[in-house]
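The values are calculated or read from the model by the stated rules, or taken from the named source; none is laboratory data. Computed from a predicted model, the values in this text were never measured in an experiment. No Cβ is skipped: glycine too gets one built from the backbone with ideal geometry, and neighbour counts run over all protein chains shown.
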Number of protein chains: 2
Amino acid sequence: MGSSKRDKAETHSRIVRVAAKRFRELGLEGIGVADVMREAGVTVGGFYKHFNSRDELVVEALATAFQDLDRWEERTNTLTKLLEQYLSEAHRDAPGAGCALGALLGDMPRASRSAKAVYTARLKRSLAYTTGILPPSGTSDRRASAILMTSAMLGAINLSRAVTDPDLSQEILQQTRDQLISLYKFAKAH
Amino acid sequence: MGSSKRDKAETHSRIVRVAAKRFRELGLEGIGVADVMREAGVTVGGFYKHFNSRDELVVEALATAFQDLDRWEERTNTLTKLLEQYLSEAHRDAPGAGCALGALLGDMPRASRSAKAVYTARLKRSLAYTTGILPPSGTSDRRASAILMTSAMLGAINLSRAVTDPDLSQEILQQTRDQLISLYKFAKAH
DNA sequence: ATTATCTATAGATCTATAGATAATGC
DNA sequence: ATTATCTATAGATCTATAGATAATGC
């Protein structure tokens, strides 16, 4: 007990990191503040010296999880790489370290207004990123293609995590990936 | 108190109907058994004379919600109608009466094994249905197209419910719908 | 006698708060 | 003196069970 202000900042950061991982794995209601605190190496009593409410942790954890997505988008500069990595079995099996837009998609319709606002802002950035990575097309504008592609990617990663049949799970990832690649790789040819 | 066996069957059906609606609106963890019972016009104490566990209610409610989807697919026989109805603001705003594959997508990765099995079986039927409604294509097989289309539809309806920005919500529905229609309407031309 | 439903509650959560403890930092 | 963290707990859930009540159905 009795820690410095620097220690508090480090504790705070550890709490948010644990939450950013566990919320993606278990959902926004899937873990309580006591368990998050314990995993961060502290006890539950200190929680409200760090956050005014549980929802404040949710919002900070979302922002942190989206920073992982920032870094991933920075390193991923072609359409093929984007799709092969996003719609992979490795990504499917590691939601805690993966895309928070995908992992928390189904939680957002029922999330707090503040959490939805953070999600919405980050989705807009990803739509702009995806628009930029698409090749120019003669028939349909890239913004519309980015929306279709984002819907399909988020839908497919969730479906691949939802089904009990491993063959179907793999088929969903592979076919969505292959269809999107062939669709936009030859976009000019349309 | 003191009701007939027929009354019990009707009570049972009412409980499952309430759950099928509320689970789609609020998520599988979004409402407790006491509130479901109260909405069905009975009290919580009788619950375990109807179900061995809460999860048994979840499984029955899923099956009932999927019957709504059966009926909808039976009445919907063209690709354009399918997409215009599914990716509409009316469907977005009425999850309790809408597609359970969409409403519960994000809950399934963390649901019980029995619930996931019911979801998986119904998804397979919808993939077969969607495959059948697609026009023949020269370049890619219809099964693969059905997977992409289903991923995009489920992703888009969830995104449209997730965002706080009404314009973006509407844009996601409209662009996903228009892109999919133009993609498969002219599939033969590829 | 059996049973469908009721009231009441045990026991296990979970969020939030109160007050103690042991450091930091003026 | 202030504060970061601790132990302990209040109060509000939620699932599941116990036992009472008032009908049904042999």
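Looking at B:T78, B:T11, B:T64, B:T43, which one is hydroxyl-bearing (S, T, Y) and within 15 Å of the chain's Cα centre (by Cα)? Let's see the steps before the verdict.
On the way: B:T78 fails: within 15 Å of the chain's Cα centre (by Cα); B:T11 fails: within 15 Å of the chain's Cα centre (by Cα); B:T43 fails: within 15 Å of the chain's Cα centre (by Cα).
Within the list B:T78, B:T11, B:T64, B:T43, the selection yields B:T64.
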Only listed residue being among the acidic types (D, E), out of contact with any Phe, Trp or Tyr (no Cβ under 7 Å at 6 or more places or on another chain) and within 16 Å of DNA strand C (Cβ to nearest atom), chosen from B:E89, B:E60: B:E60
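Among residues belonging to the range B:135-187 that are charged (D, E, K, R) and over 11 Å from B:L83 (Cβ atoms), point out the one that is nearest to the other protein chains (Cβ to nearest Cβ).
Only one residue tops the list, namely B:R161.
Go over the candidates B:D70, B:D35, B:D55 one by one and state the one that is more than 14 Å from every other protein chain (Cβ to nearest Cβ), in contact with a Lys or Arg (Cβ under 9 Å, 6 or more places away or on another chain), within 8 Å of DNA strand D (Cβ to nearest atom) and not in a loop (DSSP other than H, G, I, E, B). Break it down into steps so the answer makes sense when it comes.
Working: B:D70 fails: within 8 Å of DNA strand D (Cβ to nearest atom); B:D55 fails: in contact with a Lys or Arg (Cβ under 9 Å, 6 or more places away or on another chain).
None of the others qualify; the one that does is B:D35.
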Tally, over the range B:98-134, of residues that are at the interface with chain A (Cβ under 9 Å from one of its Cβ atoms), over 29 Å from A:I31 (Cβ atoms) and touching a residue at least 12 places away in the same chain (Cβ under 8 Å): 1
Scope the range A:1-32; condition within 9 Å of DNA strand D (Cβ to nearest atom), closer than 21 Å to A:L62 by Cβ and among the acidic types (D, E); matching residues: A:E10
Residue pairs meeting the criteria (Cβ under 9 Å; at least 6 apart or on separate chains; first on the phi < 0 side of the Ramachandran plot and in contact (Cβ under 8 Å) with a residue 60 or more places away in the chain, in the range B:10-22; second near DNA strand C (Cβ under 9 Å from one of its atoms) and acidic (D, E)): none
Residue within the range B:32-46 that is in contact with a Cys (Cβ under 6 Å, 6 or more places away or on another chain) and more than 8 Å from DNA strand C (Cβ to nearest atom) present: no
Test: B:R122 is of a type outside the set (V, I, T), in contact with a Gly (Cβ under 6 Å, 6 or more places away or on another chain) and modelled with pLDDT of 95 or more: no
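Take the conditions more than 9 Å from DNA strand C (Cβ to nearest atom), surrounded by 13 or more Cβ atoms within 10 Å (Cβ to Cβ), away from chain B (no Cβ under 14 Å) and farther than 30 Å from A:G132 by Cβ and apply them to A:T76. Does it pass? Even if it seems obvious, please write down each step before you answer.
Details: more than 9 Å from DNA strand C (Cβ to nearest atom): yes; surrounded by 13 or more Cβ atoms within 10 Å (Cβ to Cβ): yes; away from chain B (no Cβ under 14 Å): yes; farther than 30 Å from A:G132 by Cβ: no.
No, not satisfied.
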Residue check for B:T131: surrounded by 15 or more Cβ atoms within 10 Å (Cβ to Cβ) and either in contact with a Leu (Cβ under 9 Å, 6 or more places away or on another chain) or under 16 Å from A:A162 (Cα atoms) (or both): no
